[in-house]
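The structure appears right after this line, and notes come after that.
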Amino acid sequence: MAKIFCVANQKGGVGKTTTTVNLAAGLAKIGQRVLMVDLDPQGNATMGSGVDKRKLELTIYDVLLESATVAEARIRSEKCGYDVLGANRELAGAEVELVDLAHRDQRLKQALGAVTPDYDFILIDCPPSLSMLTLNGLCAAHGVIVPMQCEYFALEGLTDLVNTIKQVHANMNKDLQIIGLLRVMFDPRITLQQQVSDQLKAHFGDKVFNTVIPRNVRLAEAPSYGLPGVIFDPAARGSQAFVEFAAEMVARIQMM
Ligand code: ATP
Ligand code: MG
């Protein structure tokens, strides 16, 4: 049975999508069966997995509105080694269309239920907001992975996210927990980053993943080739860090 994880942080551009696709590829590389769910109308995780969002016939939008099942809408990314439930701009409309529907926050959870035997991991790339879409992700998940840059304002934004996760845990999904904070785009030469990293460890203890993802230009170049860095340039430092992170995640789920 798959363990389901949201990659979430309401702050934009912090590395959610990079984390989702590279963790997916890293897990696939070490033999895990993975479904990557794109829950962001930007469709970056879809494109970054080599799937053209403009050519999709069925997407997560159809799944949320119950006009398709996950089994019908998922696509295999052969290059990446995992399955993709893609998204495109159409998904932005779901926010409004879901409002009047019953169990609107549980739609993704219900849909994924049917495919959990097919996978070891289901990873959900969330949009940069605490919206109905993100709520669907949080209600479906066993845990949240929070990528963050070690900058001054990062800690401030974290409070809102932690409170939202606590509320969802209390009222909608008692399985939900923060699995961990992932330090990304890290540059150890910058003193402030080192300080924020130390603060994070002091405050969140073992909720901070051991693996640190360095700032690495190969990770930033990979999406323009429709590939996660882990596939595009396996030897790059950033790619190796993500494979290490995949192994850390496999070890973590044994303890769940
Ligand atoms: P959004 O909130 O818009 O969905 P996001 O949180 O998903 O953004 P990404 O798209 O993953 O963030 O990353 C933002 C930018 O930073 C991208 O251009 C990406 O290529 C780059 N980037 C992410 N991680 C790294 C890294 N470790 N090293 C260098 N560049 C990175
Ligand atoms: Mg993104």
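The values are calculated or read from the model by the stated rules, or taken from the named source; none is laboratory data. These figures come from a predicted structure and were not determined experimentally. Cβ coordinates were reconstructed from backbone atoms using ideal geometry, including for glycine residues, and neighbour counts include every protein chain displayed.
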Checklist entry - Residues of region 115-142 being assigned to a helix (DSSP H, G or I), surrounded by fewer than 18 Cβ atoms within 10 Å (Cβ to Cβ) and within 16 Å of ligand 2 (Cβ to nearest atom), which ones? => result none
Checklist entry - Can you pull out the strands (runs of 3 or more DSSP E) entirely within region 1-108 that have at least 3 residues that are within 30 Å of Arg215 (Cβ to Cβ) and hydrophobic (A, V, I, L, M, F, W, C)? => result 3-7, 34-38
Item to check | Qualifying position, being modelled with pLDDT under 95 and either surrounded by fewer than 22 Cβ atoms within 10 Å (Cβ to Cβ) or out of contact with any Gly (no Cβ under 9 Å at 6 or more places or on another chain) (or both), among Val96, Val63 | outcome: Val96
Next on the checklist: Take residues that are modelled with pLDDT under 95 and tell me which of the helices (runs of 4 or more DSSP H) falling wholly in region 143-256 contain 2 or more.
Outcome noted: 152-171, 191-204, 237-254
